[in-house]
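Input: a single structure, listed below in structure tokens.
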Ligand code: HEM
């Protein structure tokens, strides 16, 4: 079959394509133009995510297209050792252990260790928006891409002054690996990625030189290492930082944009959040299910795998279609309906499942919960501009809004009827 994630219907609104693929009797379809096997059903995606023996992560961060030789000669200089998302056993369990020890990965730990950072950054960004009263603002550049980047920089102990460079490099990695850049662009992005990797190596070197006794992630990872390469090597610490700076930013930015899009595209939904901040966590869970920031993730088969009538050969790259799995009618009632009151939303696969389950899920949830709560309290009249058109960056994995143009109004809107659970359920 054909699947073009870079233009047309799938890029602007993938729901119909997900439905068509889910309805196909084949449990795995080969997308010739992408060279990827598509796995879409919830049970199959869940099983593949959990089965590291059959579905490996080794190629997860390798571009999905043939990289031009000039860009390839740059990429091969990036000698970052695989640690988490790109690692298989035995490296993965060891480096994952290191990450769990040094990064707060549960709701309680995230609140205790990062709660103050998140609230400070949210309050600062929300006050800047409030100061724009009456104006049109792009919430993507002014808020959704800003917050997660500033938070992850604080956690890693990286100076604010480097924010623009890191944003450019991180965006560049997402475009280089999962996008469709032309050869000149590939060279530019590859050079950015190499600079980014050297920057992360420098960060670690500076911490080593200064004694590494801080509370930031890099200092904690070096302390955990305790000079023992069998526990974690110095390049692995740099590689963890390299991954976290991208994973901690691009994904949560997507979650925030999808949540604001879902909330503001229906004034009643926004009003429901304004009136009842306790409803924010369920709203975020439904956003994760309905519009995942990563809606397809890569694996490579480590042996032949048979799904129904189809056998995928060993060594084949597969796209686990998380977005489709989250709309599987065998798991979710009326799956194409956005319903923050549904009770099955928590079965989504948006943070993965099994040994590679997202280490930053609790942080992402914390950021989204605090952000929506504070925005709804401070700017109850926030509304999408009438000329706003939804569009996404072309990418096979990350679904990122180009913009969310909204008007700032700190006054409570007078003309929206009080929301009830029934009125807030519009699809
Ligand atoms: C809405 C936000 C997020 C989404 C949708 C998301 C999604 C995912 C997914 C689907 C995986 C599974 C990868 C796999 O199975 O191979 C994953 C893994 C990972 N995520 Fe997230 N993520 C989010 C936020 C974050 C944040 C905030 C961080 C860190 C600051 C983070 C760090 C990681 C890391 C390090 C892994 C690799 C874990 C491993 O391989 O053991 N993510 N994420």
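Here segment 264-298 is the region considered, the condition is being modelled with pLDDT under 95 and touching a helix residue (DSSP H, G or I) at 6+ places or on another chain (Cβ under 9 Å), and the residue that is nearest to the ligand (Cβ to nearest atom) is 266.
Determine whether segment 219-233 contains at least one residue that is at pLDDT 95 or above, within 16 Å of the ligand (Cβ to nearest atom) and assigned to a loop (DSSP other than H, G, I, E, B). Yes, segment 219-233 contains a residue that is at pLDDT 95 or above, within 16 Å of the ligand (Cβ to nearest atom) and assigned to a loop (DSSP other than H, G, I, E, B).
So which residues in segment 65-84 are under 22 Å from the mean Cα position of the chain (by Cα) and either crowded, with 19+ Cβ neighbours inside 10 Å or within 16 Å of the ligand (Cβ to nearest atom) (or both), if there are any at all?
80, 81, 82, 83, 84
Selection of segment 384-407 for residues being in contact with a helix residue (DSSP H, G or I) (Cβ under 6 Å, 6 or more places away or on another chain) and over 28 Å from residue 35 (Cα atoms) yields 384, 403, 404, 406. Taken residue by residue, segment 299-312 has no member that is assigned to a helix (DSSP H, G or I), within 16 Å of the ligand (Cβ to nearest atom) and buried (at least 21 other Cβ atoms within 10 Å of the Cβ). The condition (being more than 12 Å from the ligand (Cβ to nearest atom) and under 17 Å from the mean Cα position of the chain (by Cα)) is satisfied by just one residue among 376, 393: 393. Residue count for segment 146-172 under the criterion of being in a loop (DSSP other than H, G, I, E, B) and in contact (Cβ under 8 Å) with a residue 12 or more places away in the chain: the result is 2. Of all the listed residues (143, 217), the sole one being touching a residue at least 24 places away in the same chain (Cβ under 8 Å), within 30 Å of residue 386 (Cα to Cα) and in contact with a helix residue (DSSP H, G or I) (Cβ under 8 Å, 6 or more places away or on another chain) is 143. Exactly one residue out of 87, 98, 107 is within 21 Å of the chain's Cα centre (by Cα), within 14 Å of the ligand (Cβ to nearest atom), touching a residue at least 12 places away in the same chain (Cβ under 8 Å) and crowded, with 19+ Cβ neighbours inside 10 Å: that is 87. Name the residues in segment 2-33 that are assigned to a loop (DSSP other than H, G, I, E, B) and in contact with a helix residue (DSSP H, G or I) (Cβ under 8 Å, 6 or more places away or on another chain), would you? The answer is 3, 4, 5, 14, 27.
Between 175, 190, 142, the distinction of being at pLDDT 95 or above, more than 23 Å from residue 293 (Cα to Cα) and part of a helix (DSSP H, G or I) belongs to 190 only. Within segment 147-180, the residues that satisfy the criterion of being over 20 Å from the mean Cα position of the chain (by Cα) and more than 16 Å from the ligand (Cβ to nearest atom) are 159, 160, 161, 162. Of all residues in segment 313-327 being assigned to a strand (DSSP E or B) and in contact with a helix residue (DSSP H, G or I) (Cβ under 9 Å, 6 or more places away or on another chain), which is farthest from residue 398 (Cα to Cα)? Only one residue tops the list, namely 318.
The lone criterion from (1) surrounded by fewer than 21 Cβ atoms within 10 Å (Cβ to Cβ); (2) within 16 Å of the ligand (Cβ to nearest atom); (3) modelled with pLDDT under 95 left unmet by residue 248 is number (1). Within segment 315-354, the set of residues being surrounded by fewer than 19 Cβ atoms within 10 Å (Cβ to Cβ), under 14 Å from residue 48 (Cα atoms) and touching a strand residue (DSSP E or B) at 6+ places or on another chain (Cβ under 8 Å) comprises 316, 317. Among the residues of segment 153-167, are any within 19 Å of residue 255 (Cβ to Cβ), in contact with a helix residue (DSSP H, G or I) (Cβ under 7 Å, 6 or more places away or on another chain) and surrounded by fewer than 20 Cβ atoms within 10 Å (Cβ to Cβ)? Yes, segment 153-167 has at least one match.
The values are calculated or read from the model by the stated rules, or taken from the named source; none is laboratory data. Note that this is a predicted model, so its numbers are computed, not measured. With ideal geometry, Cβ positions are generated from the backbone for all residues, glycine too; neighbour counts draw on all protein chains shown.
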